[in-house]
Amino acid sequence: MAHIRKVAGRPQPWVVRYRTPEGLQRSRSFGRRMDADTFRAGVEVSRSRGELVDPVLGKISLGEWSTLWLRAVAPGLKPKTLASYESLLNSRILPAFGDWPLTGVRPGDVDGWIARMRSDGLSPSRIRQAHVVLSAMLDLAVRHERITRNVARGANLPEIRHREAPFFERQAVDGIIEAVPVQYRGFVAVQGVLGLRFGEAAALRRRSVDLLHRRLQVTESLAEIGGNLTFGPTKTHAVRKVPLPPSLLEMLSEHIDERTGSSPDSLLFTSARGFPIRYSRFRPTVWVPTLEALGLPLVGMHSLRHSAAARMIGAKWQAIDVQRALGHRSAGFTLSVYGHLFDEHLDDLASALDGTSRGTSAVQAIATLAE
C-alpha cells in the first residue's frame, strides 16, 4: 500500500511513501494534496496490474542502458550482427536519445525520430533496423522492470517495397564461370549453381566436399568486419548438405587435387596468393571485370545466389527443396522471395490437369535478367 503524510516546513509537504516490487521503500513529494492523491492512486493501479517499477531504475540514461543491453546480448550474436548493432547505436540511436533517461522517452519521441530519419533520406530497411535495435533495448528494460512498457512498439515505420531479385539465366552463369580465372571457377560455381552465400563459399574447407556421397556440407561463414576476417556460423546458424551435380562434382574434384591443401581443414578456395577470399577485393578485381568483359549488367555477387534459385526452380525443384539448398529458415520465406518464379509453372500445371503440356520450362519463360 502507498501512504500519504504531511511534513510541515517543507516546500512540498505532501509525501507519498510506497514500496517497489523488490521491497525497497521510495517516496515522492508534492506541493498539493490532490497531486499526491493522484500519484498514490496511480501507484495502486500499477501495483494491481503488476506494472509497478522502481522509478529510480528508470532514471538510467539510454546511453548507459545500451552498454548493459549490448553486453547481455553480445554472446548470442554473430560478429557481423554485433558490428551492425554497434553501428546503428552510434550513428542513429545514441545521437537522438543517448542522454535521455529511459522513462523520458515517449511514443511521440520515437515517431519523431523515425520521421527525421526518413527526411534525412535513410532507406526504409535501415530505419527498420535502427528501430529493431531500439525496441530490443526497451524490451529488456521492461523485463528488468526499469520501465513499464516499450514505447517503440506500434511506431509508424516506412514500408519496404520488395523488388524481384536480379538473376542471370543458366547460360549467363555458365559463361561467368568459364570467364573467371581458373582458380575461382569452383568458387563462383558453388554460388551460381548451388546458391551458397559469398561468405559460405569462402569458408568452405577440403572436408566440406564429400565426393563419395556427392554432397557439399555448409557449416560456417567468413565475414569481413572492419577489415578483419572472422569465421562463424551460417546466417541461420544451421548446417546443411547440398547435392552436387556431376559437372560440379568433377570440377571440385579437380580443384581439390590441384589447388587445395592436404589438411581436411584447408580452405577449399583461396586467393591467388593463398589467402582467404575477401569480398572487398574479389568484387572489384575479379567479379566486375568479368561482367564488363561479357557485357553483362554490373550487379552484386548476391545475384549468383538468386540465379541458382532460378536454376533450381527451372529444374522443377519444389519450394522445400530450394529452401533446404539455400539455407532459408522456411519454405515460406523462399516463396516470398522467389514466388514469381514458381508462378511460371502455373500454366504447365494447368495444362497437366488435362494431360497436356506446353513444353516450356520456367527458365525459358523468364528474362535474362530480372530487374
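List of remarks:
- The ellipsoid that matches the Cα gyration tensor of segment 169-267 has semi-axes, each √(5λ) in whole angstrom, of 20, 16, 14, with the longest given first.
- Extension gain (nm, one decimal) between Asp257 and Arg153, 0.36 nm per residue minus Cα-Cα: 31.9 nm
- For segment 313-330, putting each phi into the Karplus relation 6.51 cos²θ - 1.76 cosθ + 1.60 with θ = phi - 60° gives couplings of 5, x, 8, 6, 5, 7, 4, 5, 5, 5, 4, 5, 5, 7, x, 6, 5, 8 Hz, in residue order, rounded to whole numbers and with x for Gly and Pro.
- Semi-axes of the equivalent ellipsoid for segment 251-351, computed as √(5λ) from the eigenvalues of its C-alpha gyration tensor and ordered from largest down, come to 32, 19, 13 Å.
- Given charges at beta-carbon only (K, R positive; D, E negative), |dipole| of the chain in Debye: 2100
- Angle between the chain longest axis and helix 107-119 axis [Cα atoms, degrees, rounded to 10]: 40
- Estimated vicinal HN-Hα couplings, Hz - segment 267-278 in sequence order (Karplus 6.51, -1.76, 1.60; Gly, Pro = x): 4, 5, 10, 9, 6, 4, 9, x, 9, x, 7, 9
- Computed over segment 216-274, the Cα gyration tensor eigenvalues convert (square root of 5λ each) into semi-axes of 22, 18, 9 Å, ordered from largest to smallest.
- Within-11-Å neighbourhood charge of Thr219 [Cβ basis; K, R +1; D, E -1]: +2
- Additional length obtainable on full extension of the chain from Glu44 to Trp317, 0.36 nm per residue less Cα span: 92.2 nm
- Helix axis angle, 79-88 relative to the chain longest principal axis, alpha carbon, degrees: 50
- With the convex hull of its Cα atoms as the shape, the chain has an orientation-averaged projected area of 26.6 nm².
- Segment 59-143 - Rg (one decimal) and Dmax (whole number), Cα, Å: 12.4, 35
- Phi angles of segment 145-161 translate, via the Karplus equation with coefficients 6.51, -1.76, 1.60 and θ = phi - 60°, into HN-Hα couplings of 6, 8, 9, 8, 8, 8, 6, 7, 6, x, 5, 7, 9, x, 7, 9, 8 Hz per residue; Gly and Pro are given as x.
- Helix 33-49 vs. the chain, principal-axis angle (Cα, 0 to 90°, nearest 10): 40
- Separation in nanometres of the label points that stand 7 Å from Cα toward Cβ, at Thr236 and Ile4: 6.0
- Partner lysines for Lys235 [C-alpha distance under 19 Å; skip if fewer than 8 residues away on the same chain]: Lys78, Lys80
- In segment 101-257, the convex hull through the Cα atoms has an average projected area of 13.8 nm², a quarter of its surface area.
- Its relative contact order, with pairs defined as Cα atoms under 8 Å and 6+ residues apart, puts segment 64-191 at 23 percent.
- Sites Arg116 and Phe333 - FRET efficiency at Förster radius 25 Å, r taken between beta-carbons, to 0.05: 0.20
The numbers here are math on the coordinates, done by the rules we state, and not lab data. Bear in mind that the values here come from a model prediction, so they are computed numbers and not experimental data. Note: ideal-geometry Cβ built from the backbone for every residue, glycine included; neighbour counts use all protein chains shown.
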